[in-house]
1. Ordering Tyr198, Tyr38 by accessible area with a probe of 1.4 Å, largest first, what comes out?
2. Mind ranking Thr104, Thr110 by accessible surface for me, highest first, 1.4 Å probe?
3. Near the amide H of Glu183, under 5 Å away, which other amide H atoms are found, from residues 5 or more places off or on another chain, if H is placed in the peptide plane?
4. What length, rounded to one decimal in nm, is gained on full extension from Lys280 through to Asp178, with 0.36 nm per residue of separation minus their alpha-carbon distance?
5. At 0.36 nm per residue, minus the direct Cα-Cα distance, what do Arg89 and Val196 gain on full extension? Give it in nm, one decimal, please.
6. For the cross-link pairs Lys46/Lys193; Lys75/Lys141; Lys17/Lys119; Lys67/Lys161; Lys76/Lys150, which exceed 26 Å when the distance is taken from alpha carbon to alpha carbon?
7. Assuming R0 = 41 Å, can you tell me the calculated FRET efficiency for the pair Ile292 and Tyr203, based on Cβ-Cβ distance, to the nearest 0.05?
8. Tell me the accessible surface of Met130 in square angstrom (1.4 angstrom probe, heavy atoms of protein chains only), to the nearest ten.
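The values are calculated or read from the model by the stated rules, or taken from the named source; none is laboratory data. Just so we're clear, the structure is a prediction, and the values are computed from it rather than from any experiment. Cβ: placed from backbone, ideal geometry, glycine included. Neighbour counts: every protein chain shown. Remember, those area values only see protein heavy atoms, side chains included, never the ligands or the DNA or RNA. Shrake-Rupley method; radii C 1.70, N 1.55, O 1.52, S 1.80 Å.
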Amino acid sequence: MQYIYLNGEFVESDNAKVSVFDHGVLYGDGVFEGIRAYSGRVFRLKEHIDRIFAAAKAIALDIPMSKAELAEVVKKTCAVNNLKDCYIRLVITRGKGDLGLSPTNCDKPTVFCIAAGIKLYTAEQYEKGMAVITSVQRRNKATIVDPQIKSLNYLNNILAKIEANRAGAAEALMLNHDGIVTECTGDNIFIVKDGVIYTPPVYIGILDGITRRTVIEVAAKEGIPLKESEFTLFNVYNADECFLTGTAAEAIAVTSVDGRKIGEGVCGPVTRKILDAFQKAARSGEYGDEIIYK
Ligand code: PXG
């Protein structure tokens, strides 16, 4: 039996229901986090909690509990389900209201948390890497809905993902309105050229990914130079290596973009090193918030 945290209690998944009047459903009005636990520890929990509080602040949503209480919800959801390695989805919506856009009639936010088994990529998938296409969908401008807000409104990215699916590619790369590379639909992007790793800066309109932050730290520890700088598709096509990072994928090689082979067309040595170092760090407990199991 899977138990879901929903507004203060744990309920069986079949009974975990939100109202059709919830503004999360009606308008995509809310925020979420995708988190992972490794060996009974929630990876970078404090950063995920800080990020969801920052996103909520940006959309003027008051989370009805403290950061410590919300962190406890995440850990308890894992513990109640006896999950040690899992994927965690934490969602906070504006709550139940009426049919108008205005949230004034939404009395209290809906808070739920799901912990579920995670589908891992195989060693072969990591080795072979994946094909990516560039989407015609531009990434949201930071002046419209800032991509730093991990909001429930992901249509922009979903349209790009549909395009990737139709093209038989695993992911879609998105550009900003100036044609600068931003990120993929649910992952940040890195390229490697002449031994240097490059990744777009947050200000061009991307999610400040927690895996991305970890990769930046890991690269420093491994002595691999890394620069946050703007680049175009030209730089991606002509990179020696390209990889994506995200909570689900960790770090996975991109071996072709828009039909152009990247480097040797396999997971390159820098990507390999980053992935190994990332997985070691994630499982070391160094960044993990321990879950107490009863
Ligand atoms: N960019 C975007 C647009 C994302 O949504 C990332 C980058 C990577 O961020 P993190 O913090 O995970 O390194 C994301 C993350 C899901 C799901 O279930 C979505 C994400 C992560 C995990 C699961 O859809 N988005």
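1. Values: Tyr198 55, Tyr38 10 Å².
From most accessible down to least: Tyr198, Tyr38.
2. Details: Thr104 110, Thr110 10 Å².
Per-residue accessible area, sorted high to low, gives Thr104, Thr110.
3. Sorted by chain and number, the residues that satisfy this are Met174.
4. Details: separation 102, 0.36 × 102 = 36.72 nm, distance 3.72 nm.
Result for the pair: 33.0 nm of gain on full extension.
5. Numbers: separation 107, 0.36 × 107 = 38.52 nm, distance 3.37 nm.
In short, 35.1 nm is gained.
6. Lys46/Lys193; Lys75/Lys141; Lys67/Lys161
7. Working: r = 39 Å, r/R0 = 0.96.
Rounded to the nearest 0.05, the efficiency is 0.55.
8. Taking all protein chains as shown, Met130 has close to 20 Å².
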